[in-house]
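Asks: Sharing a structure with you now.
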Amino acid sequence: QVQLAESGGGLVQSGGSLRLSCAASGSILSIYFMGWYRQAPGKQRELVAKMTIAGNTDYADSVKGRFTISRDNAKNTVYLQMNSLKPEDTAVYYCNADHVVIHDGRSYQYWGQGTQVTVSS
């Protein structure tokens, strides 16, 4: 089985920074997409940023220029550097790994448990 372990959430003032980390473990052969989604109270879960194994990225318009995603393929780890945080960035952030090929040769999607990010004004 594959597990995603997230860390780095917390409380920060508006304009501050946080860095999220997510490490995937288990019988992993490859992970095509790694990324972050978030869900604010009363809202649907939305994409924040994702990166392919080749380094191609996709960002939500609301975070472009403020957030940076990166990954270490050797460690199956993805990071999200969040700068210039705003109160509207407050949400539970979920790590996502998609098109994960494991020992059975098939592809799966996995989610982390989520980490709370709260930005005070």
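Asks: Heavy atoms only, probe 1.4 Å: what % of the accessible area of region 20-76 goes to carbon and sulfur, would you let me know? Please list the in-between numbers first.
Replies: Details: 1430 of 3050 Å².
Reported share for carbon and sulfur atoms: 47 percent.
Asks: Starting from the residue with the highest accessible area, list L47, L29 in decreasing order, probe 1.4 Å.
Replies: Details: L47 45, L29 120 Å².
Result of the area sort, largest leading: L29, L47.
Asks: Could you order T90, T77 so the one with the most accessible surface comes first? Probe is 1.4 Å. Before the final figure, lay out the partial values.
Replies: Numbers: T90 35, T77 10 Å².
Heavy-atom accessible area, descending, gives T90, T77.
Asks: Continuing with the same structure: Below 8 Å between Cα atoms, with a sequence gap of 6+, how large is the relative contact order for the chain in percent?
Replies: Details: 308 pairs, mean separation 42.9, N = 121.
Answer for the chain is 35 percent.
Asks: If you don't mind, another one. So for region 39-80, averaging the separation of alpha carbon pairs under 8 Å that are six or more residues apart and normalising by length, what relative contact order in percent results? List each step's numbers first, then the result.
Replies: Working: 36 pairs, mean separation 11.2, N = 42.
So the answer I get is 27 percent.
Asks: Heavy-atom accessible area of V92 with all protein chains present, probe 1.4 Å, nearest 10 Å²?
Replies: Around 40 Å² of this residue is reachable by solvent.
Asks: In what sequence, largest accessible area first, do E46, E6, E88 appear using a 1.4 Å probe? Could you put the intermediate results ahead of the total?
Replies: Working: E46 80, E6 40, E88 125 Å².
Listed by decreasing accessible area, they come as E88, E46, E6.
Asks: Can you give the accessible area of K64 in Å² (nearest 10), computed on protein heavy atoms with a 1.4 Å probe?
Replies: We get 120 Å² for K64.
Asks: Let me ask you something else. Consider just the alpha-carbon atoms of the chain and return their Rg together with their Dmax, both in angstrom.
Replies: 14.1, 48
Asks: Tell me, what is the per residue accessible area of the chain in Å², probe radius 1.4 Å?
Replies: Working: 6400 Å² over 121 residues.
Spelled out: the 1.4 Å probe surface of the chain, per residue, equals 53 Å².
Asks: Further question: So what are the ³J(HN,Hα) numbers for region 14-20, from phi and the Karplus equation (6.51, -1.76, 1.60; θ = phi - 60°), rounded to whole Hz, Gly and Pro as x?
Replies: So the J values, rounded to whole Hz, are 3, x, x, 10, 9, 10, 9.
The values are calculated or read from the model by the stated rules, or taken from the named source; none is laboratory data. Computed from a predicted model, the values in this text were never measured in an experiment. Heads up: the accessible areas ignore ligands, DNA and RNA and are worked out on the full protein's heavy atoms, side chains in. Shrake-Rupley method; radii C 1.70, N 1.55, O 1.52, S 1.80 Å.
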